[in-house]
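Worksheet: the structure to be examined is printed underneath.
The values are calculated or read from the model by the stated rules, or taken from the named source; none is laboratory data. If you're wondering where the values come from, they're calculated on a predicted model, not measured in any experiment. Cβ sites come from the backbone with ideal geometry, for glycine too, and all protein chains shown count toward neighbours. When the accessible area is computed, the model is the full protein with side chains, heavy atoms only, and any ligands, DNA or RNA have been set aside. Shrake-Rupley method; radii C 1.70, N 1.55, O 1.52, S 1.80 Å.
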Amino acid sequence: MNNNLNFTGRSLYDLDSYTIEEIETIFETAKVMKEINKRDYKKIPTLRGKTIATLFFEESTRTRISFELAAKRLSADVISFSSIGSSVKKGESLQDTVYTLNAMGIDLYVVRHSSPGVPQLVYKYSQKPVLNAGDGRHSHPTQALLDMFSIWERKGSLKDLKITIVGDILHSRVVRSNLIGMSKMGAKVTVCGPRTLMPPKVEKVYGAKSEYDLYKAIDGADVIMALRIQLERQSEGLFPGLNEYSQRYGLSKEVLKYTKEDVLIMHPGPMNRGIEILPEVADSKHSIIIEQVTNGVAIRMALLFLILGGKAN
Ligand code: CP
């Protein structure tokens, strides 16, 4: 780990602006945070006196709770803002919302919004570091970091691993951030799903292989990540039905016959059990889905620690 890297005051919009060395430093720091989270007393005083605001304009379970827990474990104060029940419902603009919160002395913002680019706007209005907790279909970098960290911890490195991501590639911010990060870390990524849920030029834009046949896509895979099928897409006619989708792209025990023996099964959540992944796989010995959630707290602690001035050691 390089202790000379400077994270202080930086925002995280997506992984394109973070180097391999920086990502590895985040992983090493998360390893330390994970140990802290295993203690009886799961708290360190590092961010005492700092105030972190989580701004969620869209639903979340994992990301919001794990950011808030991460901040509290580092002893920061946490302001939890949700557009539901706020003055946004009375017509207050994003700009005025941020000006209002900023006037109360916020040190860092965590932002989820359905529109791409809102984290950058929050930075513009606040001049404080902003961590993107998911912006529309665009990116979800802390999810990608925790996904990559989960693989890195288990396999030692991402270099040359065959990683297959299955599902709605077109609408997934998780995929976009993972494609940037995983390719950067040297993994060989294949994306797989129905043609109607596949973006154009995946190979050219992200250096990933695209495949429409699940069994070809997962052949020899070290890691398979299933994505949530966004149920609202069915009404848009992008796939004929949930049963058909599940039969063609759902992860059942059958897929484990084609992968490496020590394949890791992942899902960023929330899961539609029985559609994109069957319980026999989601709960199998290969699954690290629950570990991903545990690692999410450690990754977010590492980011808050590094960005708000802690030193990597
Ligand atoms: N993976 C993820 O972003 O989950 P939430 O929507 O529950 O935060």
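For the reader, a short list of remarks on this structure follows.
- In the stretch 107-122, the residues that are at positive phi form Cβ pairs under 8 Å with partners that are crowded, with 20+ Cβ neighbours inside 10 Å, at six or more places apart or across chains, as follows: 117/135.
- Hits in the stretch 283-313 (condition: touching a helix residue (DSSP H, G or I) at 6+ places or on another chain (Cβ under 8 Å), hydrophobic (A, V, I, L, M, F, W, C) and open to solvent by less than 10 Å² (accessible area, probe 1.4 Å)): 288, 298, 299, 301, 302, 303, 304, 306
- Residue in the stretch 48-55 that is buried (at least 20 other Cβ atoms within 10 Å of the Cβ), within 16 Å of the ligand (Cβ to nearest atom) and either of a type in the set (A, V, I, L, M) or closer than 30 Å to residue 87 by Cα (or both) present: yes
- Residue match in the stretch 221-228 (condition: in contact with an Asp or Glu (Cβ under 6 Å, 6 or more places away or on another chain), within 14 Å of the ligand (Cβ to nearest atom) and open to solvent by 10 Å² or more (accessible area, probe 1.4 Å)): no
- For the stretch 1-46, a residue qualifies if it is assigned to a loop (DSSP other than H, G, I, E, B) and hydrophobic (A, V, I, L, M, F, W, C), and the qualifying residues are 1, 5, 7, 44.
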